[in-house]
Amino acid sequence: MSRTAKLALPLVVLIFGIVALGIGAMTVLFPKTGQPNVGIGGPFALVDQDGRAVTEKALLGAPSVIFFGFTHCPEVCPTALFEITQVYKALGPQGDKLKTFFISVDPERDTPELLKVYLSSFDPRITGLTGSPDAVAQAMKAWRVFAKKVPTEAGGYTVDHTALVYLMDAKGRFVSSVNLDRPPEETAKTVAAYF
C-alpha cells in the first residue's frame, strides 16, 4: 500500500464518521414529523375552573395555546389573555377548533373558583388550570417554565414567571411560541395553519 493510500484511509474514515454523526443529530433534533424535538410539554394532572380533572390528553385532537400565569398578575397575564381573546375574534367560527389553557403558577391562591371569576373577563373558550403545588410544578417542569415568588412591600407577594405563549399541534407536540405583539389577524393565520 502506498504512503498516499495509508494517509487517505484515516481521512475517509473521519469523513464517514462526521457524516454519521450529522445524520444521528438530525434524527434526534428533527424526528419523522419534521418538528424540532425540544422536549417541551408532557404529562400533567390538573383541574379546570369547574373542578374537572384535566390531563395532557386534553391537548389531543386540536391545536392548543398554553400560557402560564396567575390571577394576581398586574399586567403581563391580563394583557396576554386579552390578546388571545382578540385572536379568537379574528378566527371567527374557526376559533372553536382551538383550545387554550391558562395554567396557574400560583396554586396557593388560584383556586378553581378564583380562576372562573378571573377568566370571565376573557374569551369563554379559555380554560383555566390549577392544582396542588406539586401538580403545578410538574406541569411547569414539562413546559420548562420558571416561576418565583417575590415579596411585595405590602407583605404579600407577586410571581415572576416565564411569559411565553406555547402553540401545540393536534397531537400535543410543541410547534413554536406565539407572538402576540403583532395584529391578531396575523397570529390567527399562524394558528389556523394547524387546524
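The values are calculated or read from the model by the stated rules, or taken from the named source; none is laboratory data. Computed from a prediction, not measured in an experiment: that's the story for all the values here. Positions of Cβ are backbone-derived with ideal geometry, glycine not excepted, and every protein chain shown enters the neighbour counts.
For beta carbons closer than 9 Å, sequence separation of 6+ or different chains, a first residue in the range 79-94 that is closer than 14 Å to ASN179 by Cα and a second that is aliphatic (A, V, I, L, M) and in a helix (DSSP H, G or I), the qualifying pairs are LEU81/LEU119; GLN86/ALA188; VAL87/ALA188; VAL87/VAL191. The residues on offer are LYS148, LYS97, and the sole one that is in the same structural domain as PRO74 (by TED's automatic domain parsing) and either under 17 Å from ILE84 (Cβ atoms) or surrounded by 18 or more Cβ atoms within 10 Å (Cβ to Cβ) (or both) is LYS97. Residues in the range 123-164 that are among the polar types (S, T, N, Q), over 19 Å from LEU46 (Cα atoms) and touching an Asp or Glu at 6+ places or on another chain (Cβ under 6 Å): 0 in all. For the range 104-152, the candidate set comprises residues that are of a type in the set (A, V, I, L, M, F, W, C) and part of a strand (DSSP E or B); within that set, the residue that is farthest from the chain's Cα centre (by Cα) is VAL150.
Per the listing TYR157, TYR88, the residue uniquely assigned by TED's automatic domain parsing to the domain that holds SER176 and surrounded by 20 or more Cβ atoms within 10 Å (Cβ to Cβ) is TYR88.
For the range 157-195, a residue qualifies if it is of a type in the set (Lys, Arg) and within 21 Å of LEU60 (Cα to Cα), and the qualifying residues are LYS171, ARG173, LYS189. Among the candidates GLY34, GLY61, which residue alone is among the small types (Gly, Ala, Ser) and at pLDDT 50 or above? When all the criteria are applied, what remains is GLY61.
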